[in-house]
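For reference, the structure discussed in these notes is given below.
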Amino acid sequence: MLRSPEAPRSHIERKTALVDGISPLARIRGITLELPGVTELVSHGAPCFFIRDQRPICYFHDHHGGDDRVTVWCPAPRGVAEELAAADPESFFRPQPSRSGVFANWLRVVLDPPPRGGVDWDEVAAIVEEAFRMIAPRRLVAELDDR
């Protein structure tokens, strides 16, 4: 179910902590909404960033299903999610795929502030951009490259 981004956000941002005065959701918005054709909608109760309101490039989850983590989920090239999760399981892991296979090749990136650990926002931006490049039409990827 999709709702307008103007929907009340109090239930979405209630648990996130500020790091340097900026919430993780605000940082994700800053990264994603700079990409051509990307919009934000609420999907299944979470902020989701879509290309042209149709294809998701990432979901922001604040303690999704009570998992005590703030994360962003995005598609990743085959094998990348496994590789990152094996190398740094505190920062990366694979979401459970749905019965239909949705999220099978996705990556969850932990965005929790210290004490769990710091976040490399340049790395997060690179992961989101890679997801965009995988999903976006060639014209939008070319527009990004022209910037």
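Each value in this text was obtained by applying a stated rule to the coordinates, not by laboratory testing. Being a predicted model, the structure only gives us computed values, none of them experimental. Note that we place each Cβ from the backbone using ideal geometry, even for glycine, and neighbour counts take in every protein chain shown.
A few points about this structure:
- Residues R52, R69, sorted so that the one with the fewest Cβ neighbours within 10 Å comes first: R52, R69
- By the count of neighbouring beta-carbon atoms within 10 Å, fewest first, L111, L25 end up ordered L25, L111.
- Neighbour-count ranking [beta-carbon atoms within 10 angstrom, fewest first] of T32, T39: T39, T32
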